[in-house]
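Written below as structure tokens is the structure these notes are about.
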Amino acid sequence: MSFNRRQFLTASLGSLTLLTSIYSKASAQNNSIIKPRKLKAGSGVGLVSPAGATFTTEDINIVQDAVKALGLVPYLAPHILDQYGYLAGKDKDRANDINRFFADPNIDLLLPIRGGWGCARILPYLDYNLIKNNPKIIIGFSDLTTLLMAIYTQSGLVTFHGPNGLTSWRTAQVNSFKQALFTNKKI
């Protein structure tokens, strides 16, 4: 599916308007910052697909192997392989996977498989009070920045700009990931 210029501008302006609204509202009500717990060996990682679809189980297997190599335990979201056009399932289902993992005491990190497009569509379905009361690490980049900004502004939870599950896990990236999420060292 390709966008023409008008569709692209309409979608971009709609996302910008939504984010500005969320940020303005949250700035007025959020005075405290919530930091999630650091990871340790055996921490649970919820693998989610909040944006673009993951079309093969091979991609999921690659991410599971990377998580295990870090000494962590992967858990798959119920809708991780769903497809709704180019999206990873319907908006409410993708949001429900995130809400479910924030509620799950076995999960310490939410790791999206990939970015893409679609995170802005799930923002109205997230339970920000649940997220605030069950702080966990959530990380990503690209379209996931929308998700990270919304969670931070609505709940005060510190979020992390970093690798998605299918990002290249080279030594430098792994070392930075570990330093930021397993230790108290600043990078």
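The values are calculated or read from the model by the stated rules, or taken from the named source; none is laboratory data. Keep in mind the model is a prediction, meaning the values are calculated, not measured. FYI the Cβ positions are ideal-geometry reconstructions off the backbone, even for glycines, and counts take in every protein chain you see. Protein only, heavy atoms only, side chains kept; ligands, DNA and RNA dropped before computing areas. Shrake-Rupley method; radii C 1.70, N 1.55, O 1.52, S 1.80 Å.
Quick notes on this one:
- Cβ crowding within 10 Å averaged over residues, with 163-173, 96-106 ranked highest first: 96-106, 163-173
- Highest to lowest packing among 120-127, 147-154, scored as the average C-beta count within 10 Å: 147-154, 120-127
- Relative packing of peptides 89-95, 68-74 - highest average C-beta neighbours within 10 Å first: 89-95, 68-74
- Accessible surface of residue 142 - all protein chains present, 1.4 Å probe, nearest 10 Å²: 70 Å²
- Cross-link reach list, aspartates and glutamates versus residue 90, counting only Cα pairs under 12 Å and skipping chain neighbours closer than eight places: 82
- Heavy atoms of residue 182: accessible area, 1.4 Å probe, square angstrom to 10: 50 Å²
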